[in-house]
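Trainee: This is the structure, below, for whatever I ask next.
We did not get these values from a lab; they are worked out from the coordinates using the rules stated. If you're wondering where the values come from, they're calculated on a predicted model, not measured in any experiment. Because the Cβ atoms are built from the backbone with ideal geometry, glycine has one as well, and the counts that use them run over all protein chains shown.
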Amino acid sequence: MSLRLIANWKLNGSIQFNDQWAEDFFKNFSSLNSESIGIAPAFIYIDHIRKLIGDSGINIGVQNICEEESGARTGEISASMIKDLGCKFSLIGHSERRIFFHESNKTISKKLNLANNNSVMPILCIGESAVENERNDTYDILKFQVEEALKDLFEQSALIIAYEPVWAIGSGKIPNPEEINSVHKMIKDVVQSRFPKIDLKSVLYGGSVNSENASSLFVQEHIDGALVGGASLDGKEFAQIVNIFNEIK
Ligand code: 13P
C-alpha cells in the first residue's frame, strides 16, 4: 500500500513536543501496518523523529523541497539531501507555500520532477479558495492546477495528489464527503485521460480532518486517505485517525 495517512506538522515541533507525540502515538496506535503512515516534521527534526519511530516502518518526509538541485539558494534544502537522510516523500505546492511563498505552478512542476529524479514520492497539493468555491469554479481550478503541474512531468513519474480546499484548512469546515468523493474521482479521471503514463498512487483529502469526521471520509470509495494538519499534532488523535482508517480501508 502506498502512503495514505500523512501528518503535516507545518511550523510546529520541539524536542519535548516530539518526545511526547511519539509516546502518545505508540500508546494508542493499534496496528502493525505502518507502511501507509508518513510524518512530515520540520527539516531540523528529521533525525530526532527517526530515532523516536525506530524500526516501526513509519515513513518520514518533508513539507517542501527546493526547485533547484544545488548551488546559490541560501537557506534551501534539496530533494537529494532529504533522500540522503532517508526521507521517503515530500509535500509539494501546499496552499500555504503557494500563498505565503508565492509558489507558481511552474515552480511546483520543477519540484515534482526533482522529487521523482531522487525517488522521493511527491505529494502534489491542490485546492480551491473560498471565493472559487462559492463561484462554483472548483472543478475548473483543480483541473488547471493538475494540468499545469503535470504537463512537464516525466511521463513515467509516480505521484500522490492531496486535495485540500483552502477554506477547509484549519477552519473546522469540510465539504460534504460525497462531494469530496466526486472531486477525487474527477482528479483521477483527469490524470488518467491526460497523463496516462503517470502512476497516480492515491488521492488524499486534507482540511480539518479529525477522529470525529475520519470515518465519514474513509468510507468513500475515492478518498484513499488523508493529509492531516492540526489534528496530527496530538499523537493520540493521529493514532485514532490511523486506527479508523485501518478498520475501514
Ligand atoms: P488542518 O488539518 O489543520 O486543516 O490542515 C490541513 C493541511 O493543511 C494539511 O496539509
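Trainee: Run down the lysines and flag those whose C-alpha is under 22 Å from the C-alpha of LYS188, throwing out any fewer than 8 positions away in its chain.
Mentor: Counting by Cα, and skipping residues close in sequence, LYS188 has these lysines nearby: LYS106, LYS110, LYS111, LYS143, LYS151, LYS197, LYS201, LYS249.
Trainee: Distance in nm between label sites at GLU155 and GLU212, each 7 Å beyond Cα in the beta-carbon direction?
Mentor: In this crude spin-label approximation the distance works out to 5.0 nm.
Trainee: Restricting attention to the range 96-200, which GluC sites (Glu not before Pro) occupy a DSSP loop and are surrounded by at most 12 other Cβ atoms within 10 Å?
Mentor: GLU155
Trainee: Per 5 Å bin, what is the whole-percent P(r) computed from every C-alpha pair distance within the chain?
Mentor: 1, 6, 15, 19, 20, 17, 13, 6, 2, 0
Trainee: With r defined as the distance between the Cβ atoms of ASN136 and HIS102 and R0 fixed at 30 Å, what FRET efficiency is calculated, to the nearest 0.05?
Mentor: Working from the Cβ atoms, E equals 0.70.
Trainee: Using Cα centres only, tell me the gap between the range 4-21 and the range 214-249 in whole Å.
Mentor: If you average the Cα positions of each part, the centres end up 16 Å apart.
Trainee: Tell me, what is the percent relative contact order of the chain, built from C-alpha pairs under 8 Å that lie six or more residues apart?
Mentor: About 22 percent, as a whole number.
Trainee: Please arrange CYS87, CYS125, CYS66 by how many other C-beta atoms lie within 10 Å of their C-beta, fewest to most.
Mentor: The fewest-first ordering by Cβ neighbours comes to CYS66, CYS87, CYS125.
Trainee: Rank the residues LYS83, LYS197 as a footprinting-exposure proxy: fewest other Cβ atoms within 10 Å of their Cβ go first.
Mentor: Ranked by crowding around the Cβ, least crowded first: LYS197, LYS83.
Trainee: Next question. List the aspartates and glutamates whose Cα lies under 15 Å from the Cα of LYS185, skipping any in the same chain that are fewer than 8 positions away.
Mentor: Within the straight-line limit of under 15 Å, LYS185 reaches these aspartates and glutamates: ASP140, GLU164, GLU221, ASP224.
Trainee: Taking the Cα centre of the chain as the origin and placing charges on Cβ (Lys, Arg +1; Asp, Glu -1), which of ILE160, SER171, ASN213 is farthest toward the positive end of the dipole?
Mentor: ILE160
Trainee: Further question on the same structure: Charges at C-beta only: +1 for Lys and Arg, -1 for Asp and Glu. How large is the resulting dipole of the chain about its Cα centre, in Debye rounded to 20?
Mentor: So the magnitude is around 340 debye.
Trainee: Put +1 on the Cβ of each Lys and Arg and -1 on the Cβ of each Asp and Glu in the range 1-62; which of SER31, GLY54, PHE43 then has its Cα farthest toward the positive end of the dipole?
Mentor: PHE43
Trainee: Output the direction-averaged projected area (hull surface divided by four) of the convex hull of the alpha-carbon atoms of the range 1-114, in nm².
Mentor: Result: a mean projected hull area of 7.7 nm².
Trainee: Using only the Cα atoms of the range 63-193, each taken as one equal point scatterer with no solvent, compute I(q) by the Debye sum, divide by I(0), and report log10 of the ratio at q = 0.10, 0.13 Å⁻¹.
Mentor: Rounded to two decimals, the profile gives -0.33, -0.55.
Trainee: Can you list the trypsin sites (Lys or Arg not before Pro) in the range 86-194 that are in a DSSP coil and have 16 or fewer other beta carbons within 10 angstrom?
Mentor: Here the sparse-neighbourhood loop sites are ARG135, LYS151, LYS173.
Trainee: Moving to a separate point now. Give, in whole angstrom and from largest to smallest, the semi-axes √(5λ) of the equivalent ellipsoid of the range 143-233, with λ running over the eigenvalues of the Cα gyration tensor.
Mentor: Ellipsoid half-lengths, sorted descending, are 25, 13, 12 Å.
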